[in-house]
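First up is the structure itself, then whatever we jot down about it.
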Amino acid sequence: MANIDQVATQQIRQYESQLKHIDDVMERASRIRSENAELNAELSAELKELAGHRGELADYIEELRDKAPFEWMEEGGPMVLWDAVAERIEELVARIEH
């Protein structure tokens, strides 16, 4: 069985992978926005807000690196925030594309 440090390292890698996915989807949304001048200010504002949340997630990963693994694993990690931000970004892209 893996020790707690190995599990923590694996979780951080998973969070980094999910952050990369968020980056990819946000890049897609930004590209679509720049190609479609008719997109309204509300969608642009939402994308900007989500970019702020993405920054919070990146900061959280850095905080996890500074904490003892057992501390943050007991807290449950950032999965609820990950899921909410990822879902909103994907919904935004779907609205922009259609």
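The values are calculated or read from the model by the stated rules, or taken from the named source; none is laboratory data. Fair warning: this is a prediction, and the values are worked out from it, not measured in the lab. All Cβ positions, even for glycine, are placed from backbone atoms using ideal geometry, and neighbour counts span all protein chains on display. Ligands, DNA and RNA are stripped out before the accessible areas are found, and what is left, the full protein with its side chains, is counted by its heavy atoms. Shrake-Rupley method; radii C 1.70, N 1.55, O 1.52, S 1.80 Å.
Restricting to the range 48-70, name every residue that is more than 11 Å from residue 12 (Cβ to Cβ) and among the aliphatic types (A, V, I, L, M).
50, 51, 57, 58, 68
Can you tell me which residues in the range 21-68 are open to solvent by 40 Å² or more (accessible area, probe 1.4 Å), free of Cβ contacts under 8 Å to residues at least 24 places away in the same chain and in a loop (DSSP other than H, G, I, E, B)?
Selection gives 37, 38, 40, 67.
Looking only at the range 72-98, filter to residues that are exposed (fewer than 11 other Cβ atoms within 10 Å of the Cβ) and over 24 Å from residue 30 (Cα atoms); which one of those is modelled with the lowest pLDDT?
80
Are any residues in the range 31-65 touching a helix residue (DSSP H, G or I) at 6+ places or on another chain (Cβ under 7 Å) and of a type in the set (Gly, Ala, Ser), and if so, which ones? Write out each step before concluding.
Going residue by residue through the range 31-65, those that are touching a helix residue (DSSP H, G or I) at 6+ places or on another chain (Cβ under 7 Å) are 32-33, 39, 43-44, 46-47, 50-51, 53-54, 57-58, 61, 64-65.
Passing the criteria: 44, 51, 58.
Checking residue 43 against (1) farther than 14 Å from residue 86 by Cβ; (2) modelled with pLDDT of 85 or more: exactly one of these is not met. Which one?
Of the numbered conditions (1) farther than 14 Å from residue 86 by Cβ; (2) modelled with pLDDT of 85 or more, the odd one out for residue 43 is (2).
Right, residue 55: among the small types (Gly, Ala, Ser) and at pLDDT 80 or above or not? I'd like the intermediate steps shown before the answer.
Values: among the small types (Gly, Ala, Ser): yes; at pLDDT 80 or above: yes.
Spelling it out, residue 55 is indeed among the small types (Gly, Ala, Ser) and at pLDDT 80 or above.
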